[in-house]
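No value in this document is a laboratory result; all are computed from the given coordinates. Not measured: the values here are computed from a predicted model. Because the Cβ atoms are built from the backbone with ideal geometry, glycine has one as well, and the counts that use them run over all protein chains shown.
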Amino acid sequence: MKIRKKYGDKNLIGKNVAALRKSRKIKQHELLAQLQVKGINITASGLSELEGQNRYATDKEVFALMTIFNVSFEELCKNTDDT
């Protein structure tokens, strides 16, 4: 497994999306399929960039991710650097 060296600063949700996805044993391509069903057109590299905090997340993407993971906005955006 590739280890990410550095996270970006373009969003707050990236680390949490990756953690939620991994804790639920969802592969990236499975999450991509769920997002596409919800009308979110994102590529594998786009999802990787989002998880790495190297691209901005749209409000539609945030809402879809909240729905898919069944989490609140606050939980999706919580700062994991303080833990």
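Against the test of being in contact with an Asp or Glu (Cβ under 6 Å, 6 or more places away or on another chain) and not aliphatic (A, V, I, L, M), the options G14, G52 yield a single qualifying residue, G14. Could you please find all residues in the stretch 67-80 being assigned to a helix (DSSP H, G or I) and farther than 16 Å from Q28 by Cα? Listed by number, the residues that qualify are T67, F73, E74, E75, L76, C77, T80.
Go through the stretch 10-64 and give me each residue that's part of a loop (DSSP other than H, G, I, E, B) and under 14 Å from L76 (Cβ atoms). Across the stretch 10-64, the qualifying residues are N11, L12, I13, R24, Q53, A57, T58.
Residues in the stretch 43-62 that are under 11 Å from the mean Cα position of the chain (by Cα) and either farther than 14 Å from G14 by Cα or of a type in the set (A, V, I, L, M) (or both): L47, L50, A57, V62. Screening the stretch 67-76 for residues that are more than 18 Å from K22 (Cβ to Cβ) and of a type outside the set (F, W, Y) and picking the one that is surrounded by the fewest Cβ atoms within 10 Å (Cβ to Cβ) gives E74.
The single residue among A57, A64, A44 that is of a type in the set (A, V, I, L, M) and surrounded by fewer than 18 Cβ atoms within 10 Å (Cβ to Cβ) turns out to be A44.
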